[in-house]
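Read-outs: derived from the displayed coordinates by stated rules, not from any lab. Since the model is a prediction, treat every value here as computed from it, not as a measurement. Cβ coordinates were reconstructed from backbone atoms using ideal geometry, including for glycine residues, and neighbour counts include every protein chain displayed.
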Ligand code: FES
Ligand code: FES
């Protein structure tokens, strides 16, 4: 699975400069290496699979998979190369999380998997089986918004709104771990998300003002 | 070749007399206050359906095959293999053999298949034979005398020289002269929702869900290109993920999508990927200016002589205003559009202005230093006279006070250590203003209110503005209004460009709501025994102006309608909007002179926009505009390989846009001008930021950067040159 907050924010912490600068000043190799480390760390079972007997070949045609999304079992047939994001968007009609860069650099597709933020565009659907997946669709209870969503709406933490589901998911993951973040902590947690309309000021305001998020 | 779709600044009269019946309320309930976006809940829950999210029964996915070469001749296109690939339902060639392709990413062929994966596979099976031709990959190359002649009318198009005053006399009066070259980069729009649409045919009628800034303009575009009546086309845009000037037409991908859908007999979803978006959907042209400018000993501008050029890619112009705002009594300018083999420019958030502003404002600071004047004092001496649409003389002092400009040190932070701080300032102007919008209002017997307008909300909050003005006029809560926009079936409204939407739409809504209310008053007046003209609507009641008790609730009033709702049409009228805005920005930066990294720590933006309709979303516009400028100043750059002409960074990890950690403290000071009516605000705040940052970096480091973006390598190179004893 694509690591998100872990690698990115550690990198930021170490260098003391923003992620953008980091990417600009460090070669691609450095970033790629960290991504692979994170992947192995995040998926111990995948590592095991790699070292054990060769797995039975699956695909290239569609294969049945079962995902646990927002507490619901979802049975789909998708090609093994299908990302979690595309599986939910194109095959399950769950279009709340957006596809923007499709390669792990903008955060619009952010979901929470086993309590950690992940780029769903860089996570294979078949590999997400057996994990606890939370997407933007799972937050509100009917018409009652999740406290983070409520705070975003009140603070105007959105303009066109295309980045918003990803920001909301990142903010939820942050607040479930750390209900009272500092500005710096909030910035770091949201640094894996990009907004072109420039809503950061009010997104941060919303994240810092949110009350009543239970620890995850 | 197409010209960039430049949305003109609307030249509406600054003050126009309107019909007093429609005048904006003098003591509004909602207007000018913080009103939350009415579609906020839909956006934060993911329920909002963007074109990207539209799914139709039996929908296919489309994929375009694009030229990998910046310049090539198509020898042959073979679709056989693609047609036989699994899931493929349509395949077509976009160009004929022998067509000359002029930029990397130009459309060549397209396929549609049952799944997105199948469409991608099939696109790879389209066999295109190219004869690769030598491209023009840079402005320098295109302008050199031995460059291949790539464009039929020449690689360079030279405009007529503009000249005012007596240049020789101007330079004679100058005590100091600056002679420098400035430049700005090509910037791409990077709308998070890429361009594209879903097209579905029902017989000869087309419905298209398009990510567009103009539902009506796009309807016209489809009809023209497909040679069908406009009446057969319906364009829907309920939500769209940003356009910034790049989304006014179906574009090539829209027409391709419609043709694929026709061929397949099924709806087709065709949204571009990020690389296609960078290559083929527009950009802000680059700008270069070689300038000689003079200033008198007492700090008055005397002369300005500029040769300017820039590229808008393959066959598109690269104009920009210069000099910007300040008054050079004697001036000359000669501009050249330079064509290269790269994707064409389109309008982009205040087309031309950030370029002209950066170049002029950096020059202004250089001149101020020569006459040893504070940059603000120097600007105040050389501004045009104060006018409603030119209020810099008032705004510089306001900004200076908010910012603490008096703490500015002279150029070059003398503090020891590698971290240097600096202040910079700049000014902006824009047109805005509106006209031409229509609306339709229904008041239903059960008390319901529908307001329809064929505008679109591109993220600026237009949907919310429609609700605010309707609710204000009818004396109802905002959520009592059903606002329906984003559909070409609704009354005409123009494209959302040039910051004209608010000033076009809100007057139309006001007029229409007043007409609907008048119709309701006429029904109710006899029952209350009050003349219609004495009735007012407030707090959910219709009542006599001087006797609140003499009235009825909104619901009771509507019940008197019986079975026949009120249905009225209205349109934009003069007197409720104006054009012309001005603003001033000040920036503080922190530059690490060892790494070359500049960080913007503080920004003050003083901006007017006429009458403020929603303070909350207006401030968001300002903040967003300023951040757009920060990105332009420090990060963004479309980089082409100078040998191959390929874009090196067609993605979001090497084409940089700032993230949350790059955000400075921003003070958005909106100047309300209720007397002018609504003007529009989308573009102006994005104009001045880069220039203010550039001047702040010079103030911090003592070295002047004359080229955007101001990346660490440029800062370090300038410092190195200074140490080596080069020119400032
Ligand atoms: S779409 Fe997944 S990170 Fe951009
Ligand atoms: S709100 Fe438009 S990209 Fe963030």
Taking N as its residue count, the alpha carbon Rg of the range B:301-356 over 2.2 N^0.38 Å: 1.27
Ellipticity estimate at 222 nm from DSSP helix runs (n ≥ 4, -39,500 (n - 2.57)) divided over chain B, nearest 500: -8000 deg cm²/dmol
Cα-based shape type of the range B:313-420, given that a ≥ b ≥ c are square roots of the gyration tensor eigenvalues and the cut on a/c is 1.5: prolate
Residue B:648/residue B:527 FRET efficiency (R0 56 Å; Cβ-Cβ; nearest 0.05): 0.15
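To one decimal place, what orientation-averaged projected area in nm² is obtained for the convex hull of the Cα set of chain B?
Values: hull surface 136.5 nm².
Mean orientational projected area (chain B, Cα hull): 34.1 nm².
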Residue order, fewest to most beta carbons within 10 Å, for B:178, B:235, A:69: B:178, A:69, B:235
Computed label-point distance, nm, for sites residue A:211 and residue B:133 using a 7 Å Cα→Cβ extension: 6.8 nm
Burial ranking of peptide ranges B:116-123, B:396-403, B:360-367 (average Cβ count within 10 Å, highest at the top): B:360-367, B:116-123, B:396-403
Distance from the range B:447-466 to the range B:80-150 (C-alpha centre basis), Å: 40 Å
Label-to-label distance, nm, for residues given as residue A:141 and residue B:555 (7 Å Cα→Cβ offset): 2.9 nm
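Take every residue in peptide B:107-115, count the Cβ atoms of other chains within 10 Å of its Cβ, and give the average of those counts. Could you put the intermediate results ahead of the total?
Details: counts 0, 0, 0, 0, 0, 0, 0, 0, 7.
Mean partner shielding for this stretch: 1.
For a test of the definition: using alpha carbon positions, the gyration tensor, and the 1.5 limit on a/c, classify the protein assembly as shown as rounded, prolate or oblate. Numbers along the way, then the final one.
Working: a/c = 1.36, a/b = 1.03, b/c = 1.32.
Rounded is the answer for the protein assembly as shown, as its axis ratio a/c remains below 1.5.
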Spatial separation of Cα centroids for the range B:202-263 and the range B:506-535, in angstrom: 38 Å
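Report, as an integer, the average count of C-beta atoms from other chains found within 10 Å of each Cβ along A:186-192.
Values: counts 1, 5, 3, 1, 3, 4, 2.
The mean count of partner-chain Cβ atoms within 10 Å per residue comes to 3.
How do A:190, B:489 rank when sorted from fewest to most other Cβ atoms within 10 Å of their own Cβ? If you can, show how the numbers build up before the last one.
On the way: A:190 29, B:489 12.
Sorted ascending by nearby Cβ count, the order is B:489, A:190.
Arrange the peptides B:690-699, A:78-87, B:575-584 so that the one whose residues have, on average, the most other Cβ atoms within 10 Å appears first. Write out the running numbers ahead of the final one.
Numbers: B:690-699: 29.9, A:78-87: 22.9, B:575-584: 26.6.
The most tightly packed comes first, giving B:690-699, B:575-584, A:78-87.
Need one number: % antiparallel among DSSP beta bridges in the protein assembly as shown, to the nearest 5.
If we restrict to bridges inside the protein assembly as shown, about 75 percent are antiparallel.
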For the range B:556-627 versus the range A:58-136, the gap between their alpha-carbon centres in whole angstrom: 37 Å
Sorted peptide list for B:69-81, B:496-508, criterion being average Cβ within 10 angstrom, highest first: B:496-508, B:69-81
Inverse of mean 1/r across different Cα pairs in the range B:617-728, Kirkwood, Å: 16.4 Å
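May I ask what percent, to the nearest 5, of DSSP beta bridges between residues of the range B:436-571 are antiparallel? The partial results should precede the final answer.
Numbers: 18 of 23 bridges.
Expressed as a percentage, antiparallel bridges in the range B:436-571 total about 80.
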Tensor-based shape of the range B:115-238 (alpha-carbon gyration tensor, a/c under 1.5 rounded, otherwise prolate or oblate): prolate
Debye log10 I(q)/I(0) at q = 0.10, 0.16, 0.19, 0.22 Å⁻¹ for the range B:436-571, Cα point scatterers: -0.32, -0.74, -0.97, -1.21
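Using DSSP, restrict attention to beta bridges with both residues in chain B and report what percent are antiparallel, rounded to the nearest 5.
Once the DSSP bridges in chain B are tallied, antiparallel ones form about 75 percent.
Within a 10 angstrom radius of each residue's Cβ in B:646-659, how many Cβ atoms of other chains show up on average? Whole number is fine.
Working: counts 0, 0, 0, 0, 0, 5, 12, 12, 4, 2, 7, 7, 8, 18.
So the per-residue partner count for this stretch is 5.
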